[in-house]
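Everything below concerns the one structure shown next.
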Amino acid sequence: MITKPLRLASGRAWSLAPLCALLFAAPAAAETPADLVAAAEAEGQVVVYSFTSRVFRVETAFEEAYPGIDLVPFDISSTEQIARIQAELGAGIQSADVAYLADAPVVFEALVEPGHLLPFVPPGFAERIPDAFETPLLAHRLSTKVLMYNEEAHPDGPPVDNLWQLTTEDWTGRVIMVDPSTRGDYLDLLTEIVLQSDAMAAAYEAQFGAPITLDADIANAGEQFIKDLLDNDVVFVASTDDVNVAVGAVGQENPPIGFTSYSDRRDNAEEGWALQVANAVAPAPGIIYPAFLGVLSNAPHPNAAELLITFLMGDESDTGGPALAPFYVPGDYLTRTDLAPHPDAIPLDDFNAWRIAPQATAALRQDVADLVLSLQ
Amino acid sequence: MRLFNAVRGGLSAGHPVSGTAALTGGAFVVIALLVLVPLANIAVELISDAGLEAVWDVFAGRIAENMLWRPLANTFAIGFAVALACVALGGVLAWLVTMTDLPLRRWIGVLAALPFMIPTFAVALAWTVVFADDRLGVDAAGMLVHLGVPVPAWLAWGGVPVALALIAHLYAIAYLMIASALVTVGRDLTAAAEIAGASRTRILRAIVFPVVTPSLIAAGALCFAEAVSSFSAPAILGLPVRFHTLATRAYGAIETGSPERGYVLITVMVVTAALFLALAAVLQRRGQSFATIGAQGGRRGRMALGRWRWPLAVAALSTVAATTILPTLVLLLSSVSTASGNPFATLTTHYWIGAADPAVAQGQAGILNNPQLVRATLVTLGVGLATGIAALAAALVVGLAIGRLRGGFLAGTLQQLAFLPLLIPGLAIGAACIGFYGAPIGPLPSLYGTPAILVIAGVAATLPFAVQSVVAARAQIAPTLEDSARVTGASPPRILAAITLPLALPKLIAGFVLVFVKMVRDLDLVILLYTPQLPLLTVIAFRYASDGFAQFAHAVTVVILLVSVLAHLAATGLGRAAQPWLRD
């Protein structure tokens, strides 16, 4: 019996919708079937596990569109969602309806294959989403874990152009990331670096002018990079917001650099950050990976679950409307092909991050996790 | 009627009624279900392919050094440092309050007991607000950095602040234990020695130390056990410099899908703590041979501190204030500041009563305006109350059985078993309960995600305190009182209502409140048991803190702190019931 704890679940007051929701009050997706809405309203509630805190904004927008349905949001990391869902289904407990999570390598094996998490592609969207993003689960958008720097302190572009520079004295104690021992997405990032060892070796030679030499017990250039990064006193923190504050806060003379979500740049104005992606860094700034929406097999509100997923795919406007407003931001790449690309974002084709391969990543993850543990 | 007789017979010291065997059996069943079986279940988990592999990985694999050995060394270092410091600090305070003419000693005594009611993570969070350096960026730095005072790295993160935060929480235990031993030192003895011209040092060495040595050892051992099992302090203050203890490693492993590795570490924690408590018991037994001087001495004559009176009073008052009032104020201030650790930031009530605003913390409303928080408060209070009642019920069975058996092997065994949870980390009790009660047992459904599992874990963890209060309640009642009532023809219910209960009640209530407070403020025990549908305040505060929503975390922590401290103060009449020596 394996069970895990959960991350904070905090709702917000449902009584006060922000004014902007009124401005966005576009006609809700016209094709949403009336009988689905009626069935969902009869259920009256939908419970969401979400790996992004933007679920709180979704709540506002959803309840604006469907005042009769209470969206109960829980902000839970993908790693914890997986453990939680396994435990809850194992114990026969009905809890959540919809899971919004990443961690594809584990999700497919641990949740989709045993049938705990079911795919749902809303009618009318299938032809607007690439097939690869419809099975085995519907991908909502592509998310990132990439190297970000402070553009206020470095107005002429990123202070590094090669990942290996992070292992040099200039950045000792000044590279920040979430502890990969506790977060799957960061572990995926390090795993991808190991999988891309050839590129890492080439980048090493480009940086230092000599071929890489590996330490004892180190198998490849990717592992060597991880070791050198840890030896260079990389700072592990508990959440991406800690990275964002450290790297992004304005008014810093010599800010650190760190791995976080490109899309957190969206909060620059509100939070007083100056986050920008170091897209040109060699060999790549990080990883890009899908975020999925699925229905739990024992969802207490299955119709409301389908309605919410339909809602989350957006409306017929160019930007997807209020449902997608939290996600129509630079750094998030929505899987819907009929939306206009965000004007301020690097176009997906020009974005240099590695796309993770779930199967290859899954096979190597534990090994990389143990490597990180053994090096600390 | 039989149960009633058992209760009455048990509460009144020494009137065997039929049913001792049933009561003893019940006591063993209670302890087995709460503690022994769940723990054994963890050990059984390890005797599997995955379990044995985890044992090998943790002890001998390439992760061994960072998974086990270094965290083990850190855990030991913290345990020793905390135990020594707590005994020293608690001992000096206890001596000042009970034995000397220290001014303001009542206030100092009341405040010195309070840190035990304040969650460790509150102290740890307050520490970051003041001492954090700019390792996590300038915006995450604490007040000192913002005031232009450089903070050395070792004081900001890692072993030193973890130890200091634990000392600030645990010295209260040492104070209470040592003070209650000191009051048995006959002050007439010390006064006589003083008149005879013995120096203060000599009085301490010849009269005071021998009496309190066993309590010093016991307090040290308990602080050691509590320190090595602490999760929240190292989780908050250790991570940025990769400082880990067994508890944080076990939590990390269980949380990220390697539960077997976590179970190995938890087993190591339990065995370590058990060895040290056993060692302490041996030392204590030796110490006790000196403890014969203790007399029910008169209460006259406090040692005169002379010109040291006020300097010592100021020092003592600063210490107790720094560990009670100061962290509370720091957290309160931070919770109304737009930048947590920046004393120059704008003040705001948003984090307490603000409406949802998309520009702040992803649109989360202030905690008093947040239905989830309101629900968490109700769940927390409900679980606290239910655990208090259930723990007392369990403790009545165990405590009365111990009383009925009146010594002997069975009574000794029961007593040892009842105190076993003291040396088991809260995290381990949580893991054990979830492993055992989280899955269906025969026809019984899984308790995962139900309040029941929280209450079971809570009762298991607090059983020692509850049993202690029952034993103390029994000791309160002279058998002659009930005898005379019986002789004068009072019916058993009347004896219970008129004599037994009123006499036993204060101690039982004290036990109940202690259990309640421990449940309300505890994080380690519930961190693995928590589910989103069953929110608890401590977990929410911890989650907020790890999500970078510092002000929300601090606001919730202030709520927990107030509930705990007020419950304690209300139940003990400003602490006096818990510290009879404050009355004179």
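For the stretch B:359-412, trypsin sites (Lys or Arg not before Pro) meeting the loop criterion (DSSP other than H, G, I, E, B) and having at most 14 other Cβ atoms within 10 Å: B:Arg406.
Considering only B:Met269, B:Ile217, B:Leu166, and ranking their Cα positions along the charge dipole of the stretch B:117-275 that arises from unit charges at the beta-carbon of Lys, Arg, Asp and Glu, the one farthest toward the positive end is B:Ile217. Computed over every Cα-Cα pair of the stretch B:139-259 and binned at 10 Å starting from 0, the pair-distance distribution P(r) comes out as 12, 27, 23, 19, 14, 5, 1 percent. Placing +1 on each Lys and Arg Cβ and -1 on each Asp and Glu Cβ, with no other charges, gives the stretch A:28-73 a dipole about its Cα centre of roughly 260 debye.
Calculated FRET efficiency, A:Ala132 to B:Ala281, Cβ-Cβ distance, R0 = 60 Å: about 0.40 to the nearest 0.05. Note that chain A carries a Kirkwood radius of 21.5 Å, evaluated over its alpha carbons pair by pair.
Figure note: B:Arg242, B:Arg200 ranked by solvent-accessible area, largest first, 1.4 Å probe, ligands and nucleic acids not counted: B:Arg200, B:Arg242.
This model, with +1 at the C-beta of Lys and Arg and -1 at the C-beta of Asp and Glu, gives the protein assembly as shown a dipole about its Cα centre of some 7480 debye. If you wrap the tightest convex hull around every Cα atom of the stretch A:233-283 and split its volume per residue, you get 97 Å³. Put simply, the convex hull of the Cα atoms in chain B casts, on average, a shadow of 29.6 nm².
Straight-line cross-link reach from B:Lys518 at under 16 Å between alpha-carbon atoms covers these aspartates and glutamates, not counting any fewer than eight positions away in the same chain: B:Glu226. Each Lys and Arg contributes +1 and each Asp and Glu -1, all at the Cβ; summed about the Cα centre of the stretch A:77-177, the dipole is approximately 260 debye. Estimated at the nearest 10 Å², the accessible area of B:Ile402 is 20 Å² with a 1.4 Å probe.
Compute the distance from the alpha-carbon center of the stretch B:406-433 to that of the stretch B:187-248, in whole Å. Comparing the Cα centres of the stretch B:406-433 and the stretch B:187-248, I get a distance of 23 Å. For the stretch A:243-299, the list of GluC sites (Glu not before Pro) that fall in a loop by DSSP and count at most 10 other C-beta atoms within 10 angstrom reads A:Glu253. For a quick check of your reading of the filter: which trypsin sites (Lys or Arg not before Pro) in the stretch B:432-497 sit in a DSSP loop and have no more than 13 other Cβ atoms within 10 Å? Sparse-neighbourhood loop trypsin sites (Lys or Arg not before Pro): none present. Centroid-to-centroid, using Cα positions, the stretch B:51-115 and the stretch A:64-100 are 38 Å apart. For the stretch B:123-139, 3J(HN,Hα) computed residue by residue from phi via the Karplus equation (6.51, -1.76, 1.60; θ = phi - 60°) reads 5, 5, 5, 4, 4, 5, 4, 8, 9, 3, 8, 8, 4, 9, x, 5, 5 Hz, glycine and proline entered as x. Label-to-label distance for B:Ala21 and A:Asn254 is 8.0 nm, based on points extended 7 Å past Cα in the beta-carbon direction. Under the simplified labelling scheme, the B:Phe209-B:Thr348 pair shows an inter-label distance of 5.7 nm, with each label point 7 Å from Cα along Cα→Cβ.
Interface of A with B. Using a 1.4 Å probe and counting protein heavy atoms only, the two chains hide about 5200 Å² of accessible surface, both sides summed. D for the stretch B:452-498, whole µm²/s, Stokes-Einstein with Kirkwood Rh over alpha-carbon pairs at 20 °C and 1.002 mPa s: what number? The Stokes-Einstein estimate is 165 µm²/s.
Descending by average beta-carbon neighbour count within 10 Å, the peptides B:391-401, B:34-44, B:150-160 line up as B:391-401, B:34-44, B:150-160, the highest first.
Solvent-accessible area of B:Tyr530, all protein chains in place: 0 Å² (probe radius 1.4 Å, heavy atoms, ligands and nucleic acids excluded).
Taking 19 Å as the cut-off, the amide N atoms of the stretch B:150-188 that come nearer than this to a point 7 Å along the Cα-to-beta-carbon line of B:Leu104 belong to B:172.
Peptide A:159-169 has a mean shielding of 0, counted as Cβ atoms of other protein chains within 10 Å of each residue's Cβ. Using only alpha carbons, the protein assembly as shown has a radius of gyration to Kirkwood radius ratio (Rg to Rh) of 1.00.
Inter-chain Cβ neighbour count for B:525-536, averaged per residue, equals 5 (cutoff 10 Å, partner chain atoms only).
Percent of C-alpha pairs per 10 Å bin in the stretch B:31-73, short distances first: 28, 34, 30, 7. With the convex hull drawn over the C-alpha atoms of the stretch B:345-449, the volume per residue is 199 Å³.
FRET efficiency for the pair B:Leu36 and B:Ala452, taken as 1/(1 + (r/R0)^6) with r the Cβ-Cβ distance and R0 = 30 Å, rounds to 0.95.
Taking label points 7 Å from Cα along the Cα-to-Cβ direction, B:Leu147 and B:Leu378 give a separation of 4.2 nm. Each part reduced to its alpha carbon centroid, the stretch A:279-311 and the stretch A:335-376 end up 14 Å apart. Once backbone amide H atoms are built at 1.01 Å from N, A:Ser143 has A:Tyr289, A:Ala291 as its partners under 5 Å, excluding neighbours fewer than 5 places away on the same chain.
Evaluated at q = 0.10, 0.20 Å⁻¹, the base-10 log of the normalised Debye intensity for the stretch A:189-312, with identical point scatterers placed on the Cα atoms, takes the values -0.50, -1.15. With unit charges on the beta carbons (Lys and Arg positive, Asp and Glu negative) and the dipole taken about the Cα centre of chain B, which residue among B:Gly61, B:Met99, B:Asn370 sits farthest to the positive side? Value computed over the given set: B:Met99.
Across the stretch A:263-292, the residues whose backbone nitrogen lies under 16 Å from the label position 7 Å along the beta-carbon direction of A:Ala202 are A:280-286. Here the calculated FRET efficiency for A:His154 and B:Glu65, from their Cβ-Cβ distance with R0 = 35 Å, stands at 0.40, rounded to the nearest 0.05. Geometric descriptor of the stretch B:444-584, per residue, is 152 Å³ (volume of the convex hull of the Cα atoms). Computed 3J(HN,Hα) for the stretch A:175-191, one whole-Hz value per residue from the Karplus formula 6.51 cos²θ - 1.76 cosθ + 1.60 where θ = phi - 60°, is 10, 10, 8, 6, 3, x, 6, 10, 9, x, 5, 6, 5, 4, 4, 5, 5, glycine and proline marked x.
For the stretch A:42-48, putting each phi into the Karplus relation 6.51 cos²θ - 1.76 cosθ + 1.60 with θ = phi - 60° gives couplings of 5, 6, x, 8, 9, 9, 10 Hz, in residue order, rounded to whole numbers and with x for Gly and Pro.
Averaged over the residues of A:243-253, the number of partner chain Cβ atoms lying within 10 Å of the residue Cβ comes to 4.
The values are calculated or read from the model by the stated rules, or taken from the named source; none is laboratory data. Everything numeric in this text was worked out from a predicted model, so none of it was measured. Note: ideal-geometry Cβ built from the backbone for every residue, glycine included; neighbour counts use all protein chains shown. All accessible areas refer to the heavy atoms of the entire protein, side chains included, with ligands and DNA or RNA removed. Shrake-Rupley method; radii C 1.70, N 1.55, O 1.52, S 1.80 Å.
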